[in-house]
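K.L.:
Handing you this structure, nothing more for now.
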């Protein structure tokens with residue numbers, strides 16, 4: 001800090017170290033101009049002093065400061081005129097040019113590296129998008145191609161079904177053939193659904209349907225699997241219609257998927273529960289079982305495509321978890337609840353009812369309980 005005529009009244013330890021002077025050697029005894037080289041003094045008189053009078057500040061002035069031991073120190077300073085009480089002073093901020101240059105160089109290098117990193121990230125994202133696009137195209141092709149051989153296989157199976165077979169091995173082979181064709185058909189259908197979803201080509205054919213009718217059809221379609229595993233299915237569905245604006249085929253497949261998963265992931269002789277009820281402007285469909293349960297860490301990820309629980313891989317029998325992804329396309333939601341492995345699980349689907357649907361209050365609770373053989377389904 002200096003007076004308006006340049007007399008130094010204060011200097012910090014860093015400036016003293018740079019110049020080699022002790023504070024008492026130039027404070028009140030020297031001016032800022034005397035610390036500059038001849039060229040620096042001329043620049044100060046010609047540019048700095050007039051600018052301070054007019055603008056009260058000057059920035060980035062390049063001058064050389066003389067050292068006490070000889071030699072010069074290349075510097076750059078900013079100066080501003082400020083008032084302290086009744087007096088005005090000039091406050092200087094000096095920077096050693098070499099250090100500033102290193103600092104600026106480091107900043108430039110950091111910026112260049114950041115730009116290179118952003119460019120590399122953009123290229124990586126572009127590559128990932130291309131890979132993802134090719135994956136979708138491959139899955140679309142993969143989903144369509146197997147449909148060609150499946151059609152004649154189903155025809156052959158239909159012919160076998162019309163024949164009266166007495167040979168136990170032929171009967172066994174036909175049943176295996178039927179199950180595997182069913183699994184393959186469902187797998188291909190799931191691949192097609194997933195391909196349509198990822199490519200944004202899925203079209204929902206919505207219609208006004210009665211939820212009770214859809215639930216009844218899903219129960220009938222899953223009955224064989226339930227009985228084959230010796231499960232007990234308890235049903236509580238409304239006694240009056242609940243109208244929904246949904247794609248009936250996909251809603252049926254979604255509920256059937258929930259029931260089939262409950263069957264698959266419940267040991268033989270287990271219990272299953274299917275219920276539905278109104279909740280405000282929504283209908284709540286719940287499928288519960290006392291099966292292998294779901295780890296807490298997997299409660300969210302099970303709704304992702306291709307998701308498989310580690311303790312359920314050996315029970316997987318086809319299906320890619322696509323059906324639950326369709327609930328969101330109907331304006332609904334899916335939640336999973338479980339206390340952990342071995343504690344069973346509960347999946348809850350919420351769907352909006354048709355706008356003019358009246359509240360249904362009555363319920364009916366039929367129970368489908370029939371012992372069967374402890375066979376897989």
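The values are calculated or read from the model by the stated rules, or taken from the named source; none is laboratory data. This structure is a prediction, so every number in the text was calculated from the model and none was measured. Using ideal geometry, Cβ is built from the backbone for each residue, glycine included, and neighbour counts are taken over all protein chains shown.
K.L.:
Which fully enclosed strands (runs of 3 or more DSSP E) of the range 207-280 have 3 or more residues being assigned by TED's automatic domain parsing to the domain that holds residue 326, in contact (Cβ under 8 Å) with a residue 60 or more places away in the chain and more than 22 Å from residue 345 (Cα to Cα)?
P.N.:
Of the strands (runs of 3 or more DSSP E) lying wholly inside the range 207-280, those with at least 3 residues that are assigned by TED's automatic domain parsing to the domain that holds residue 326, in contact (Cβ under 8 Å) with a residue 60 or more places away in the chain and more than 22 Å from residue 345 (Cα to Cα) span 243-246.
K.L.:
Residue 171 - would you say it is surrounded by 10 or more Cβ atoms within 10 Å (Cβ to Cβ), more than 36 Å from the chain's Cα centre (by Cα) and at pLDDT 85 or above?
P.N.:
In short, yes.
K.L.:
Within the range 91-98, identify whether any single residue is more than 20 Å from residue 6 (Cβ to Cβ) and assigned to a strand (DSSP E or B), and answer yes or no.
P.N.:
So far as the range 91-98 goes, yes, one or more of its residues are more than 20 Å from residue 6 (Cβ to Cβ) and assigned to a strand (DSSP E or B).
K.L.:
Would you please name the residue that is farthest from residue 71 (Cα to Cα), looking only at residues in the range 6-22 that are assigned to a helix (DSSP H, G or I) and touching a strand residue (DSSP E or B) at 6+ places or on another chain (Cβ under 9 Å)?
P.N.:
Only one residue fits best here, namely 14.
K.L.:
Within the set of pairs 6+ apart or on separate chains, which have a first residue in the range 159-175 that is assigned to a loop (DSSP other than H, G, I, E, B), a second that is modelled with pLDDT of 85 or more and surrounded by 10 or more Cβ atoms within 10 Å (Cβ to Cβ), and C-beta atoms under 8 Å apart?
P.N.:
Hits for this filter: 165/171.
K.L.:
Which residues, counting only those in the range 19-32, are under 22 Å from residue 48 (Cα atoms) and surrounded by 13 or more Cβ atoms within 10 Å (Cβ to Cβ)?
P.N.:
Hits for the range 19-32 are 19, 26, 27, 30, 31, 32.
K.L.:
Could you tell me whether the range 33-46 includes any residue that is surrounded by 11 or more Cβ atoms within 10 Å (Cβ to Cβ) and within 60 Å of the chain's Cα centre (by Cα)?
P.N.:
No: zero hits.
K.L.:
Continuing with this model, one more query. For the condition out of contact with any helix residue (DSSP H, G or I) (no Cβ under 7 Å at 6 or more places or on another chain) and either more than 29 Å from residue 19 (Cβ to Cβ) or in the same structural domain as residue 34 (by TED's automatic domain parsing) (or both), what is the one hit in 111, 68?
P.N.:
111
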